[in-house]
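Encoded as structure tokens, the structure appears first; notes follow it.
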């Protein structure tokens with residue numbers, strides 16, 4: 001009888017993946033990134049072991065969204081005090097820091113467990129095509145457009 005394979009932390013090998021955010025809409029890009037960060041694209045995937053790869057995202061400033069999301073999509077921040085609710089649109093967030101929109105979208109797609117913070121540390125987002133990880137020779141991954 002075959003036994004179920006369970007990966008050990010010492011067996012995990014991490015690759016570097018390059019994703020171009022200007023190729024597809026925000027949601028499509030974020031799902032591809034979340035898949036590589038969790039390691040679900042690998043046959044050795046184990047839910048309680050962090051098997052994911054490093055992901056470098058370029059061209060975050062040229063991010064595409066469909067419909068009216070630039071004005072309609074809202075991000076909320078609540079301080080905990082009365083009248084402490086701050087509301088920003090996706091357009092304002094992109095003008096201030098384009099990387100934060102991708103980071104928040106990916107964070108929402110990761111499982112809410114103890115591994116999430118470590119997975120997010122392996123995400124590197126850059127506003128333009130220049131990035132500081134050329135020495136790691138990241139492999140370019142195509143994002144399918146819907």
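Read-outs throughout are calculated quantities, based only on the coordinates presented, and are distinct from any laboratory measurement. As the structure is a prediction and not an experimental result, all values here were calculated from the model. Cβ sites come from the backbone with ideal geometry, for glycine too, and all protein chains shown count toward neighbours.
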Would you mind telling me which numbered condition in (1) within 13 Å of the chain's Cα centre (by Cα); (2) assigned to a loop (DSSP other than H, G, I, E, B); (3) farther than 16 Å from residue 115 by Cα residue 30 fails? (2)
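Condition check ((1) crowded, with 18+ Cβ neighbours inside 10 Å; (2) without any contact (Cβ under 8 Å) to a residue 24 or more places away in the chain) across all residues:
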| site | (1), (2) |
| --- | --- |
| 53 | yes, no |
| 62 | no, no |
| 66 | no, no |
| 78 | no, yes |
| 85 | no, yes |
| 101 | yes, no |
| 104 | no, no |
| 145 | no, no |
Among the residues of the stretch 6-45, which ones are in contact (Cβ under 8 Å) with a residue 40 or more places away in the chain and surrounded by fewer than 11 Cβ atoms within 10 Å (Cβ to Cβ)? 8, 9
Matching option when the condition is within 24 Å of residue 16 (Cβ to Cβ) and assigned to a strand (DSSP E or B), among 124, 119: 124
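Among the listed residues 55, 65, identify the single one that is in contact with a helix residue (DSSP H, G or I) (Cβ under 6 Å, 6 or more places away or on another chain) and over 19 Å from residue 133 (Cα atoms). Walk me through it before giving the result.
Working: 55 fails: over 19 Å from residue 133 (Cα atoms).
Within the list 55, 65, the selection yields 65.
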Residue 127 vs. criteria more than 18 Å from residue 31 (Cα to Cα), in contact (Cβ under 8 Å) with a residue 24 or more places away in the chain and touching a helix residue (DSSP H, G or I) at 6+ places or on another chain (Cβ under 7 Å): yes
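Can you tell me which residue in the stretch 54-86 is farthest from residue 140 (Cα to Cα), limited to those that are out of contact with any strand residue (DSSP E or B) (no Cβ under 8 Å at 6 or more places or on another chain) and assigned to a loop (DSSP other than H, G, I, E, B)?
As a first pass, look at the stretch 54-86 and keep what is out of contact with any strand residue (DSSP E or B) (no Cβ under 8 Å at 6 or more places or on another chain): 61-63, 67-69, 80-83.
After this cut, where a residue has to be assigned to a loop (DSSP other than H, G, I, E, B) as well, the list is 63, 67-68, 80-83.
On the way: 63: 17, 67: 28, 68: 30, 80: 42, 81: 45, 82: 47, 83: 45 Å.
Per the stated criteria, the residue is 82.
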